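The values are calculated or read from the model by the stated rules, or taken from the named source; none is laboratory data. Given the structure is predicted, the values throughout are model-derived calculations rather than measurements. Cβ atoms come from the backbone with ideal geometry, glycine included; neighbour counts cover every protein chain shown.
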Amino acid sequence: MAAPSRNPIESLRIGIATLGGVGYAPWASGTFGTAASVPVYLLLAWPQSPWFYFAGSVAAIAVAVWGCHAAERRFGRKDPGEAVADELAGFLVTMAFLPLSAGMVAAGFFAFRATDVIKPFPARRLERLPGGWGIVADDLMAGVWANLLLRAGLIAAHFWRGTA
């Protein structure tokens, strides 16, 4: 763990990047970061307004990039494990404009974790971007893939129910 900063803005940025300290989990910090993202998703999805969800997600992504950029400097390495705000950004993309249900949240959680670990094209390339963008962009792409998988699952379930 890095020494605390005396600069309050820098401390805020690290707090954002670690999602309030969740990123300091001793193992599987990305999984804990994704779990900590669920309440933020619910807050944005609950009003069931696509515009509210979109605006909140864009704001969360921008703040995640800002925080993760500072975390990279603070921890002295590219994409430090403590920075888990990228999981929030990716999970919000995963869940974008999908039905709000406990089952969908669970499916989204597992789909995002899988695509974040596998890093389908071009996620791995996006990691090369500088600073906070390099930390967040691959998770955004993993979120796009996870969202597409969930949509394919919804379509398959619709056809399966239609023929059963």
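Side notes on the structure shown:
- Region 114-129, subset among the hydrophobic types (A, V, I, L, M, F, W, C) and surrounded by 14 or more Cβ atoms within 10 Å (Cβ to Cβ), residue farthest from Leu149 (Cα to Cα): Leu129
- Among residues of region 32-52, those that are surrounded by 17 or more Cβ atoms within 10 Å (Cβ to Cβ) and of a type in the set (S, T, N, Q), counted: 2
Let's see how each residue does on (1) surrounded by fewer than 22 Cβ atoms within 10 Å (Cβ to Cβ); (2) at pLDDT below 95; (3) out of contact with any helix residue (DSSP H, G or I) (no Cβ under 7 Å at 6 or more places or on another chain); (4) farther than 22 Å from Lys119 by Cβ:
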site	(1), (2), (3), (4)
Phe54	yes, no, yes, yes
Val63	yes, no, no, yes
Ala71	no, yes, no, no
Arg77	yes, yes, yes, no
Pro80	yes, yes, no, no
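Yes or no, residue by residue, for (1) touching an Asp or Glu at 6+ places or on another chain (Cβ under 9 Å); (2) within 24 Å of Phe110 (Cβ to Cβ); (3) polar (S, T, N, Q):
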{"position": "Leu12", "(1), (2), (3)": "no, no, no"}
{"position": "Thr18", "(1), (2), (3)": "yes, yes, yes"}
{"position": "Gly30", "(1), (2), (3)": "yes, yes, no"}
{"position": "Ala45", "(1), (2), (3)": "no, yes, no"}
{"position": "Ala59", "(1), (2), (3)": "no, no, no"}
{"position": "Gly67", "(1), (2), (3)": "no, no, no"}
{"position": "Ala70", "(1), (2), (3)": "yes, no, no"}
{"position": "Ala83", "(1), (2), (3)": "yes, yes, no"}
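- Subset of region 130-164 [surrounded by fewer than 22 Cβ atoms within 10 Å (Cβ to Cβ), closer than 30 Å to Arg77 by Cα and modelled with pLDDT under 95]: Pro130, Gly131, Trp133, Gly134
- Members of region 13-46 found to be among the hydroxyl-bearing types (Ser, Thr, Tyr) and assigned to a helix (DSSP H, G or I), listed by number: Tyr24, Ser29, Thr31, Thr34, Ser37, Tyr41
- Only a single item in (1) under 14 Å from the mean Cα position of the chain (by Cα); (2) in a helix (DSSP H, G or I); (3) not polar (S, T, N, Q) is not met by Ala71, and it is number (1).
- Region 117-164 - residue that is outside any helix (DSSP H, G or I) and more than 15 Å from the chain's Cα centre (by Cα) and, of those, farthest from Ala85 (Cα to Cα): Ala164
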